[in-house]
Amino acid sequence: MLRIALTIAGSDSGGGAGIQADLKTFLSLGVFGTSALTAITAQNTLGVSAVHPVPIDVVKAQIHAVLTDLPPAAIKIGMLATAELVLAVVEALADYTGPVVLDPVMVATSGDVLLAPDAVGALRDALAPRCALITPNLPELHVLGGEAFLAQSKAPVLVKGGHDEGPEVLDTLYVPGEAPQIWRHPRIHTRNT
């Protein structure tokens, strides 16, 4: 039987991130992808020129529609944009018992801000504790609280090192109570994400 995954994220009109990238990834792994759209962005490889949040009641309705008919084996959360939306997603997933992966989308690769400053606390305090894995990049980890966040997290945290400099990229997995695991791989110089 084909497994189902749900992505709760924004739309990237350039197709390199957000719902579009998640659905392509799900398909490449043999997983049927479902989605709940949180924001519509106008973006390409040069940057984000507009963001339009989806009304919270519509986001919750999308999540409810999927959970009641196409129960996902796992959920991946990306761009949430506002504190109200973060809390609405937490509420919508209150009865979901499967694994939730949080990619705390805060800033686009182009540098455009995608998470309101007042939403950081809601993301860190209300959503992160209910996740099975959190995957910040280095700038996102800094915004979440850096070492203090890592020390307090009850969930494993995979810190993506692509924003660092140097010839190697270091991705580090922090699992509570265990020594960090580090994966090293050569940096690929490309403008294509």
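The values are calculated or read from the model by the stated rules, or taken from the named source; none is laboratory data. Bear in mind the structure is a predicted one, so any value in this text is a computation, not a measurement. In case anyone asks, the SASA skips ligands and DNA or RNA and just uses the protein heavy atoms, side chains included. Shrake-Rupley method; radii C 1.70, N 1.55, O 1.52, S 1.80 Å.
Structure values in brief
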read-out	value
Per residue solvent-accessible surface (Å²) - the stretch 15-92, probe of 1.4 Å	49
Within straight-line cross-link reach of Lys160, aspartates and glutamates at Cα separation under 16 Å, skipping those fewer than 8 residues along the same chain	Asp103, Glu140, Glu147, Glu168, Asp171
Rel. contact order, % - alpha carbon contacts under 8 angstrom, at least six apart, the stretch 111-193	21
Other-chain or far-sequence residues with amide H under 5 Å of Leu133's (modelled H)	Val100, Leu102
Two-decimal Rg to Rh for the stretch 68-180 - Kirkwood Rh, Cα set	0.97
Carbon/sulfur fraction of accessible area - the chain, other protein chains in place, 1.4 Å, %	60
Calculated log₁₀ intensity ratio I(q)/I(0) where the Debye formula runs over C-alpha points of the stretch 1-160, q = 0.09, 0.12 Å⁻¹	-0.26, -0.47
Percentage relative contact order, the chain, counting C-alpha pairs under 8 Å, at least six apart	15
Fluctuation leader among Ala151, Ala73, Ala179 - the chain, Gaussian network, Cα springs under 10 angstrom	Ala179
Value of [θ]222 nm, deg cm²/dmol, for the chain, DSSP H segments ≥ 4, -39500 (n - 2.57) each, nearest 500	-7500 deg cm²/dmol
The chain: antiparallel DSSP beta bridges as a percent of all, rounded to 5	45
